[in-house]
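The structure under discussion appears below in the form of structure tokens.
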Amino acid sequence: VASGKGGVGKSTVAVNLAAALAGRGLSVGILDADVYGPSLPTMLGLSGQPAYVDGAIVPHVAFGLKAMSVGLLTKADDAMIWRGPMASQAITQMLTQTRWGTEEAPLDVLVVDLPPGTGDVQLTLIQKTPLDGAVIVSTPQEVALADARRAHTLFQRVNVPTLGLIENMSGDVFGRGGAEAEAARLGVAFLGDLPVDAGLRQAGDAGEPLVSAEPDGEVAARFAAVAARVAEGLGL
Ligand code: ADP
């Protein structure tokens, strides 16, 4: 899950998308690779360094999701001053040394919350992470969409298919429909839109994905629709 800009709701979408994929009966992990601002500990209520057993990192489990974050490996404030190689090394370690699944019970999908932007850190991470597809989150305004376009271009350069665009904070303040039009221009799928929703923000701050807290709510239904399209794009 990527975005051109920060603050567009990439982490909120990543967490709720992961929960919605789990709601489809899939075994799901989530890796917070956002070195600039790891949000997963807050959004899933995680704290404490993960255990290290038999040479493997044991991920936290929250709301049925196996979860790891750069914010759990170091003090959150430290992560953002990491240089590219350090960030890349930490992500690689979390990817390869975490016991995401076992042979009998492998993960079906690992959602990676990437850092926002299209700089060298992102490029290295994307190249080092064997990704099956990218989900790009944008708000509806042109300034955000221009950056979403750049994110798509970055994924094209490294041969990662863009599964589609998601419009977040869709509605009165920022406008509506920008991401859908952009997806059509780029020739990628439009995965769905999510309104500005106070409950979504409150649930994130409280450490529980809204999809888990209110599985029968309107927002959960929207994420379920997005998750169905993402699962289809991944052939799951
Ligand atoms: P990013 O990962 O892109 O930096 P976050 O997911 O951390 O963005 O979201 C930034 C802030 O906006 C958070 O406080 C989050 O709760 C809030 N937020 C995200 N999406 C929505 C939405 N659709 N409605 C209301 N608040 C939202």
Single unsatisfied condition, Gly171 versus (1) in contact with a strand residue (DSSP E or B) (Cβ under 7 Å, 6 or more places away or on another chain); (2) surrounded by fewer than 20 Cβ atoms within 10 Å (Cβ to Cβ); (3) of a type outside the set (S, T, N, Q); (4) under 16 Å from Arg229 (Cα atoms): (4)
Those residues that are in contact with a Pro (Cβ under 6 Å, 6 or more places away or on another chain) and of a type in the set (Val, Ile, Thr), I need them from region 123-154; list them, please. none
Surrounded by 14 or more Cβ atoms within 10 Å (Cβ to Cβ), more than 10 Å from the ligand (Cβ to nearest atom), on the phi > 0 side of the Ramachandran plot and assigned to a strand (DSSP E or B): is that true of Gly192 in this structure? yes
Every pair of residues 6+ apart whose Cβ atoms lie under 7 Å, when the first sits in region 115-141 and is in contact (Cβ under 8 Å) with a residue 24 or more places away in the chain while the second is among the polar types (S, T, N, Q) and surrounded by fewer than 17 Cβ atoms within 10 Å (Cβ to Cβ): Lys128/Thr92
Residue that is in a loop (DSSP other than H, G, I, E, B), surrounded by 14 or more Cβ atoms within 10 Å (Cβ to Cβ) and more than 15 Å from the ligand (Cβ to nearest atom), where the choices are Pro215, Pro140, Pro130: Pro215
Criterion violated by Thr102 - all others in (1) free of Cβ contacts under 8 Å to residues at least 24 places away in the same chain; (2) under 17 Å from Val15 (Cβ atoms); (3) of a type in the set (Val, Ile, Thr) satisfied: (2)
List pairs: first in region 1-23 and at positive phi, second assigned to a loop (DSSP other than H, G, I, E, B) and β-branched (Val, Ile, Thr), Cβ under 8 Å, 6+ apart or cross-chain? Gly9/Thr139
Looking at region 148-177, which of the residues that are within 21 Å of Pro195 (Cβ to Cβ) and not in a strand (DSSP E or B) is nearest to the chain's Cα centre (by Cα)? Ala148
Only helices (runs of 4 or more DSSP H) wholly contained in region 1-91 count here; list those with 3 or more residues that are of a type outside the set (S, T, N, Q) and within 15 Å of the ligand (Cβ to nearest atom). 10-23, 40-43
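Read-outs throughout are calculated quantities, based only on the coordinates presented, and are distinct from any laboratory measurement. These numbers were taken from a predicted model, which means no experiment stands behind them. Here the Cβ is made from the backbone with ideal geometry for all residues, glycine too, and neighbour counts use every protein chain on show.
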